[in-house]
């Protein structure tokens, strides 16, 4: 939806998340909110799926989830979505640590 000019390509991540408890109006409002969120490069919301590309140095998965919950939704509670969310968090932590080391060098 929106391309933020301040995206660090080295920290760009893509997340594919399954959503629960959102109607179409909530989905559209949520997509608009994400499109102006700092660090977001691209947002696509289809039915019960959120595809979001963002700068992990600026935005975190926990912030994405908080925005979902603010619009009455949540991540699906199936095991695969929970597994991916945990893996995404760990990857973001490692990516931010690597970026910090690069800046210190």
Report task. Report, in deg cm²/dmol and to the nearest 500, the calculated mean residue ellipticity at 222 nm for the chain, where each DSSP H run with n ≥ 4 adds -39500 (n - 2.57) and the sum is divided by the residue count. Result -> -15000 deg cm²/dmol
Report summary line: Label model pair residue 82, residue 28: point-to-point distance (7 angstrom along the Cα→beta-carbon line) in nm is 3.4
**Report entry** Tail fraction, Cα-Cα pairs, the chain, threshold 18 Å, whole percent
**Finding:** 46
Query raised in the report: By how many degrees, between 0 and 90 and to the nearest 10, does the Cα long axis of helix 79-104 differ from the longest principal axis of the chain?
Result: 30
Report summary line: If the chain between residue 70 and residue 51 were fully extended at 0.36 nm per residue, the gain over the current Cα-Cα distance would be 5.1 nm
Query raised in the report: Against the longest alpha carbon principal axis of the chain, how many degrees, from 0 to 90 and to the nearest 10, is the axis of helix 61-70 turned?
Result: 30
Query raised in the report: With the contact rule set at Cα under 8 Å and sequence spacing of 6 or more, what percent relative contact order holds for the range 9-104?
Result: 33
**Report entry** Residue order, fewest to most beta carbons within 10 Å, for 83, 34
**Finding:** 83, 34
Query raised in the report: Helix 24-35: angle to the longest alpha-carbon principal axis of the chain, degrees 0 to 90, nearest 10?
Result: 20
Report task. Grab the Cα-Cα distance for residue 100 and residue 18, subtract it from 0.36 nm times how many residues apart they are, and report the gain in nm with one decimal. Result -> 26.5 nm
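Read the figures in this text as sums done on the coordinates, not as results from a lab. None of these values were measured; they are calculated from a predicted model. Positions of Cβ are generated from backbone atoms using ideal geometry, with glycine treated the same way; all protein chains shown enter the neighbour counts.
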